[in-house]
Amino acid sequence: MSWTARVLTLFPEMFPGPLGHSLAGRALKRGDWALEPIDLRYFATDRHRSVDDAPFGGGAGMVMRADVIDAALEAKSLPDAPQIVLTPRGRPLTQRRVAELAAGPGVVLVCGRYEGIDQRVIEARGLEEISIGDYVLSGGEPAAMVLLDACVRLLPGVMGAAESVLEESFSQGLLEYPHYTRPALWKGRAVPEVLISGNHAEIAAWRRREAERITRERRPDLWAAYRALAEAAPTA
Ligand code: SAM
């Protein structure tokens, strides 16, 4: 069975959306991964098919019901696949977690709407809470698409050149170096000379220095972790 994503959502028609195009879309058509949007409304039990209700304690907005999400998870779990709820309160998604997820059998994703999901189902099911950043979306679907896009490109055979995964941002704890293509001179701006030197060792060293500079300037958090790792590494 190929890597499978089950997405529990009130808006299954949003999928595959952007995931149906380009790299992820071609991989989906080839069967390198499978996408199963599941309509949460199907698991509503009352005669109005309600999936949400007013919050205990008052306040604005509605809350998605624990019993509906629990029934959907019961019916749609995937053996050994993590069950994840997308939420701004979650642990920030990292490339490391993406790589772990891509190495497994797939994921079951729960997309929130309204104010979010009844806490009891998150605890009862031990759902992993993941955020895609410190901002609030109107629903979990775009967040699910971000997570899936990041995972799918790491699946075997999906990306063309294996090196591009090894060298890109975060893979070695650094942001990536800058890229250039033809023409060599554009609006008075020349490509760094080293890149047209043909000297592969010098090009690699320049790229490393640039990756380090950019990471140091833009992401002190990543830079500190990278330095700590480099200092802890045994010297030859
Ligand atoms: N009341 C929530 C709060 O303040 O944390 C925000 C709810 S938001 C309007 C509705 C849904 O969008 C959430 O339940 C979650 O599934 C999704 N969502 C919003 N922002 C997100 C983020 N940064 N990462 C992941 N999911 C997010």
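The numbers here are math on the coordinates, done by the rules we state, and not lab data. Please read these numbers as outputs of a predicted model, since none were measured by experiment. So basically every Cβ, Gly included, is an ideal-geometry build from the backbone, and we count neighbours across all protein chains shown.
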Kirkwood calc, the chain, C-alpha pairs only, radius in angstrom 20.5 Å
If the chain between residue 94 and residue 2 were fully stretched, how many nm would it gain, using 0.36 nm times the residue separation less the Cα-Cα distance?
30.8 nm
If you take the beta carbon distance between residue 221 and residue 119 as r and set R0 to 35 Å, what does 1/(1 + (r/R0)^6) give as a FRET efficiency, to the nearest 0.05?
0.75
HN-Hα J in Hz across segment 47-56 - Karplus 6.51, -1.76, 1.60, θ = phi - 60°, x for Gly and Pro:
6, 8, 6, 7, 10, 9, 7, 5, x, 4
Sum of -39500 (n - 2.57) over DSSP H runs of 4+, divided by residues of the chain (222 nm, nearest 500)
-11000 deg cm²/dmol
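Kirkwood hydrodynamic radius of segment 137-193 from all distinct Cα pairs, in Å? It would help to have the intermediate numbers written out before the result.
On the way: mean 1/r = 0.0689 Å⁻¹.
Result for segment 137-193 stands at 14.5 Å.
Given segment 72-206, what whole percent of its Cα pairs are spread farther than 26 Å? It would help to have the intermediate numbers written out before the result.
On the way: 3798 of 9045 pairs.
So the portion of pairs separated by more than 26 Å is 42 percent.
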List the relative contact order of segment 49-137 as a percent without decimals, with contacts defined as Cα pairs under 8 Å and 6+ residues apart.
39 percent
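Test of understanding: ordering 36, 231 by Cβ neighbours within 10 Å, fewest first, what list do you get?
Values: 36 15, 231 8.
Result, fewest neighbours first: 231, 36.
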In the chain, what percentage of the DSSP-assigned beta bridges are antiparallel, given to the nearest 5?
15 percent
Long-range amide H partners of residue 4 with built H, under 5 Å
34, 106, 107
